[in-house]
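The values are calculated or read from the model by the stated rules, or taken from the named source; none is laboratory data. Because the structure is a prediction, the values reported are computed rather than measured. Here the Cβ positions follow ideal geometry from the backbone for every residue, glycine too, while neighbour counts run over all protein chains shown.
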Amino acid sequence: MGKVIVVTSGKGGVGKTTSSAALGAALARDGEKVVVVDFDVGLRNLDLVMGAERRVVYDLVNVIQGEAKLTQALIRDKRLETLYLLPASQTRDKDNLTAEGVETVIGALKQAFDWVICDSPAGIERGATLAMRHADIAIVVTNPEVSSVRDSDRIIGLLDSKTLKAEAGDRMEKHLLLTRYDPVRAQRGDMLKVDDVLEILSIPLLGIVPESMDVLRASNVGSPVTLADERSAPAVAYFDAARRLRGETLPIAIPGEKRGFFGKFFGRKVA
Amino acid sequence: MNLLRLFSRSQSAPAARERLQVLLAHERAAVGDSDLVTKLRDEILRAISKHMQIDDDKVSVRMERGAKVSTLAVDIEIPFDTDKKAA
């Protein structure tokens, strides 16, 4: 039986889709069988970030409405054979996502995959609540910035009350993924530090992904950042986060705190 | 000039941190009672309107949320009715 992860944040643009694709690819490269599910009906983008936009025939809504079989809608990644994508519908609206339909699809995916990663839409509406509903584990993606932290706090509240796990009285496993972290600005005191965010949200840290050009570059070419350049700083952060998800205990390096001589004097951008 | 500005400018992250802590303390407490201020305002105004006519435009409600204590200030203009002068 696979594990269901929701990648969520409340706020848009913080890196949910980037993180879903990167973690999915990182897990798959370690041999795990992974499916990444796009819940952003009407505004799908996971297909684009993963470079599968031209291969979408059927989508999640088609499967829920019985117009296509699950196996027909799943798209296998061209680079990794254990990585799959279930795209969202671009033309329908989110009312087509029914609670029962989502339950059936997630149930079937859990049987076939080790990891089911649900990429949540922004907001706290239907798409977002359905994406988190069946999760075993939540990854809360947060930028070190006031509006993102506030929205994450709200989402944590929903994870602890509106999910099946919470309703059954179980504790939802939550992890913080701090993204777009800029060590130079944090050092200068103009960006919330890792400890600040951790203290405010008080959930365990899964990883810190530094702000980096590599993320944009990877999305430009339609590749998860962990596959585009696996030695880039964000890729290393995602690979480590994926290993932590699998239960490994690894120390978390705070970007910028191990700067060498040259970095101190010339490095405006670590990462 | 630019360098000077960089050094003289104070850090903004501590302010972000403090503002968030106060805000979230309130937002977390508000779960289940989503709009206490609105309720208080309505009830206060209802109580007062039993005794006098209130012009909605002459009422101001202000809220200040602090880390430990919040204040709710209701300011109502009470018209002095000259027609009802004692005979």
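At-a-glance table
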read-out	value
Residue within segment A:115-126 that is farther than 24 Å from A:Val209 by Cβ, modelled with pLDDT under 95 and part of a helix (DSSP H, G or I) present	yes
Looking only at segment A:176-211, and only at residues there that are among the small types (Gly, Ala, Ser) and farther than 15 Å from A:Ile156 by Cα, the one that is farthest from the other protein chains (Cβ to nearest Cβ)	A:Gly207
Check on A:Asp114, of a type in the set (Asp, Glu), touching a Gly at 6+ places or on another chain (Cβ under 8 Å) and either more than 28 Å from A:Tyr84 (Cβ to Cβ) or more than 11 Å from chain B (Cβ to nearest Cβ) (or both)	yes
Residue check for A:Leu178: aliphatic (A, V, I, L, M) and surrounded by fewer than 16 Cβ atoms within 10 Å (Cβ to Cβ)	no
Filter pass, A:Ile156 being touching a helix residue (DSSP H, G or I) at 6+ places or on another chain (Cβ under 7 Å) and either within 14 Å of another protein chain (Cβ to nearest Cβ) or within 25 Å of B:Arg19 (Cβ to Cβ) (or both)	yes
Residue list for segment B:56-78, restricted to those being assigned to a loop (DSSP other than H, G, I, E, B) and either hydroxyl-bearing (Ser, Thr, Tyr) or within 26 Å of B:Ala25 (Cβ to Cβ) (or both)	B:Gly66, B:Ala67, B:Lys68, B:Val69
Leading residue by the ranking (farthest from the other protein chains (Cβ to nearest Cβ)) among those in segment A:212-225 that are of a type in the set (A, V, I, L, M) and buried (at least 18 other Cβ atoms within 10 Å of the Cβ)	A:Ala218
Every pair of residues 6+ apart whose Cβ atoms lie under 6 Å, when the first sits in segment B:1-22 and is within 22 Å of B:Glu64 (Cα to Cα) while the second is at pLDDT below 85	B:Val22/B:Ala67
